[in-house]
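A.B. asks: Questions regarding the structure given below will be posed in turn.
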Amino acid sequence: MAEQRHAADTDTLPADVEREIARLERADLVIFQFPLWWWSVPAILKGWLDRVFVWGRVYSSRMRYEDRGHFRGKRAFLSVTTGAPEPAFGPDGRAGNLDLVLWPVEFSLSYVGFSVLPSFRAFGVGGAAPADSTTLAREIEARKAAFSAHLDRLDRLRPLPFNGSQDWDETGRLKPDAPSHSPFIRHAARPRDRIAGEQA
């Protein structure tokens, strides 16, 4: 972080990083397309996020969240392909709840100011190939049509809710009256609640 901040403050960020930041600054909408890989983004995308979301240039302690983030006013969404079928990514699925799996990436986008729209999800991609090329062609066309329909709905989609600057107390904890939008950030259970939960 210190090296990123120094490079941001002295205008010595690598040219490729500045180029990527400039592209994001010009964009109205950014689509992050990737295959789900080990319940996360592939390493190349994680590396891109690590290098491009620069401390001091893209975010800081006073420049974060949708209300004050560098990319406020811009929209983004994830377009994700999975190998497993859709039922496997439900709350009771063997692959885990995809809403929770994607939350850290979506929260990261919100953290730097993006208004994050619901993701597009294409399930069962890359599994066993259909027996004939006609079936494969139909599957591809169906996925393309679904993605096109998602794009057509973008202006009607409600952004995902995330906690913002106003929701934290001076220690960085969720204020008692602030909403909780995710199991990852929620009001701490009172000791009695925890004990009751353990006995249930």
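Values in this text are rule-based calculations from the coordinates and carry no lab data. As the structure is a computational prediction, the values presented were derived from the model and not from experiment. Quick reminder, even Gly has a Cβ in these numbers, built from the backbone with ideal geometry, and neighbours come from all protein chains shown.
A.B. asks: Which value at 222 nm does the chain reach when only helices count, each DSSP H run of 4 or more adding -39,500 (n - 2.57), with the total divided by all residues and rounded to the nearest 500 deg cm²/dmol? If you can, show how the numbers build up before the last one.
C.D. replies: Values: 7 runs with 77 residues, N = 200.
The helix contribution divided over the chain gives -11500 deg cm²/dmol.
A.B. asks: Just to verify a number: FRET efficiency for Ser165 and Asp9, C-beta to C-beta distance, R0 = 25 Å, to 0.05?
C.D. replies: Numbers: r = 23 Å, r/R0 = 0.90.
Computed FRET efficiency for Ser165 and Asp9: 0.65.
A.B. asks: Need one word for the chain: rounded, prolate or oblate. Basis is the Cα gyration tensor (sqrt eigenvalues a ≥ b ≥ c); a/c below 1.5 gives rounded, then a/b vs b/c decides. Please report the intermediate quantities before stating the final value.
C.D. replies: On the way: a/c = 1.98, a/b = 1.17, b/c = 1.70.
Oblate, because a/c is 1.5 or more while a/b does not exceed b/c.
A.B. asks: Of all DSSP beta bridges in the chain, what percent run antiparallel (nearest 5)? Could you put the intermediate results ahead of the total?
C.D. replies: Details: 3 of 16 bridges.
Restricted to the chain, the bridges split so that about 20 percent are antiparallel.
A.B. asks: Under the Karplus relation 6.51 cos²θ - 1.76 cosθ + 1.60, θ = phi - 60°, what is the ordered set of whole-Hz ³J(HN,Hα) values for segment 30-39, x standing for Gly and Pro?
C.D. replies: Running phi through 6.51 cos²θ - 1.76 cosθ + 1.60 with θ = phi - 60° gives 10, 10, 9, 9, 7, x, 4, 9, 6, 6 Hz.
A.B. asks: FRET efficiency for Ala178 and Phe147, Cβ-Cβ distance as r, R0 = 25 Å, nearest 0.05? If you can, show how the numbers build up before the last one.
C.D. replies: Numbers: r = 35 Å, r/R0 = 1.40.
Efficiency at R0 = 25 Å is approximately 0.10.
A.B. asks: Just need the relative contact order of segment 40-116 here, percent rounded to a whole number, with Cα pairs under 8 Å and 6+ apart.
C.D. replies: Values: 82 pairs, mean separation 30.7, N = 77.
Here the relative contact order equals 40 percent.
A.B. asks: Run the numbers for Leu157 and Asp16: contour at 0.36 nm per residue of separation, minus the present Cα-Cα distance, in nm. Please list the in-between numbers first.
C.D. replies: Numbers: separation 141, 0.36 × 141 = 50.76 nm, distance 3.27 nm.
Contour length minus Cα-Cα distance gives 47.5 nm.
A.B. asks: Report the net charge of residues surrounding Gly69, where surrounding means a beta-carbon distance below 13 angstrom and charges are Lys +1, Arg +1, Asp -1, Glu -1. Mind dumping the intermediate values first?
C.D. replies: Numbers: positive: Arg57, Arg62, Arg64, Arg68, Arg72, Lys74, Arg75; negative: Glu25, Glu66, Asp67.
So the surrounding residues net to +4.
A.B. asks: Residue by residue through segment 8-25, which ³J(HN,Hα) values in whole Hz follow from phi under the Karplus form 6.51 cos²θ - 1.76 cosθ + 1.60 (θ = phi - 60°), with glycine and proline marked x?
C.D. replies: Per-residue couplings from phi come out as 5, 5, 9, 6, 10, 5, x, 4, 5, 5, 4, 4, 5, 4, 4, 4, 5, 5 Hz.
A.B. asks: Moving to a separate point now. Considering only the other residues whose Cβ falls under 14 Å of the Cβ of Leu154, what net charge follows from Lys and Arg at +1 and Asp and Glu at -1?
C.D. replies: Working: positive: Lys74, Arg75, Arg153, Arg156, Arg158; negative: Asp28, Asp152, Asp155.
After counting each charged neighbour, the total is +2.
A.B. asks: Can I ask one more? Quote to one decimal, in nm, the extra length available between Ser61 and Ile44 on full extension: 0.36 nm per residue of separation minus the C-alpha distance between them.
C.D. replies: Contour length minus Cα-Cα distance gives 3.5 nm.
A.B. asks: How far is it, in nm, from the label point at Arg26 to the one at Glu86 when both lie 7 Å from their Cα along the line to the Cβ?
C.D. replies: A separation of 3.7 nm, rounded to one decimal place.
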